[in-house]
1. When the chain is treated as a GNM, springs tying every alpha-carbon pair under 10 Å, which of 292, 281, 75 comes out with the largest mean-square fluctuation?
2. Hey, fewest Cβ within 10 Å first, where do 324, 230 land in order?
3. Can you grab the distance from the C-alpha centre of segment 267-329 to the C-alpha centre of segment 97-146, Å, no decimals?
4. Residue 29 to residue 312: extension gain in nm, 0.36 nm per residue of separation minus the Cα-Cα distance?
5. Neighbour counts of other C-beta atoms within 10 Å: give me 194, 222 arranged from fewest to most.
6. Given the convex hull of the Cα atoms of the chain, what is a quarter of its surface area in nm²?
7. Please give the length that would be gained between residue 184 and residue 280 if that part of the chain were fully extended, namely 0.36 nm times their separation in residues minus their C-alpha to C-alpha distance (nm, one decimal).
8. With contacts defined as alpha carbon pairs under 8 Å and 6 or more residues apart, what's the relative contact order of the chain in percent?
Ligand SMILES: CC(C)(COP(=O)(O)OP(=O)(O)OC[C@H]1O[C@@H](n2cnc3c(N)ncnc32)[C@H](O)[C@@H]1OP(=O)(O)O)[C@@H](O)C(=O)NCCC(=O)NCCS
């Protein structure tokens, strides 16, 4: 018999549950394969495949902005949820590649999809941002402040990629994913969440230029400061540690064990990181949903895109316990268990 999750320790959640009532995603048309990358930097399909599992990634068109991709994913999620864009109360866009530093990308999305009554803000939690958004969104619903929240993860990482740095440029891609959150009884309920950060590691994955610390000037424009900087090995280690602990915390809080989890949707950064987590959690790899071979690491969009693919392909079914777990620069990490 299927185990019932423990009621959340945060009592308000037992009063108003939160469901994911629609998912959507969007990926740009242009594919950049590993073979294409060998023409740009000194790399090989063999190196990229064995170190990361990535085979290709999508690259947005020059005039395609993060808000364009976010809006397309959002409209698909709203359509699936059968929710009119006009009824959205809150739009949260998780992104490290906003259209502009301000206004928020969420405001551009609001205009594009037509949600005049929504409050709009962006979430800056790097690759973990989408699940931070789900947590923030659900707090507004459980508290009764809002009824309908749109949470989007969207990235145009190609715009902050250093295409001369083989250590990073092979890893990332563009795309967007979205969910609609509402209170609709128990179905598709968010039953457990955990978010966390550690500011001691701000220097292992970051973009040094373009903010108030180091504005881009004529003198430093050649230094690639407004691109992703990463210490790969350290990030790798921290990714495994923090996603493991976040997964355990979400299961513990829900009163579930690894045997109860039908599907794990992890951050899509590197297949070896996912294998490391599967091994340590003792969950067979075939219970992990992986699509990074097609899209690379799309940061805040990755789990949102994977969730939509898992949902639409029937990989996750009604009643399944789905564990999503993410990790990103900051450091930031988050986990969410949903009863689908
Ligand atoms: C980046 C990463 C794939 C590198 O793998 P790794 O096992 O640490 O790398 P290795 O030690 O095997 O190889 C490093 C060597 O490969 C070289 N190399 C790096 N990128 C390369 C590429 N694209 N093609 C060929 N060689 C490459 C390096 O220059 C280095 O060479 P050297 O030893 O001569 O200096 C890995 O560290 C990683 O995935 N880190 C986490 C990254 C991540 O997930 N970031 C986002 C988090 S949200």
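1. Among 292, 281, 75, the largest GNM mean-square fluctuation belongs to 281.
2. Final ranking by Cβ density, sparse to dense: 230, 324.
3. First find each Cα centre; the distance between them is then 22 Å.
4. Extending this stretch completely gives an extra 100.0 nm.
5. Details: 194 21, 222 7.
Lowest count first: 222, 194.
6. 16.5
7. That pair, residue 184 and residue 280, stretches by 31.0 nm at full extension.
8. Relative contact order comes out at 25 percent.
Just so you know, all these numbers are worked out from the coordinates, no wet-lab data involved. Values in this document were obtained by computation on a predicted structure and should not be read as measured data. We place every Cβ from the backbone using ideal geometry, glycine too, and count neighbours over all the protein chains shown.
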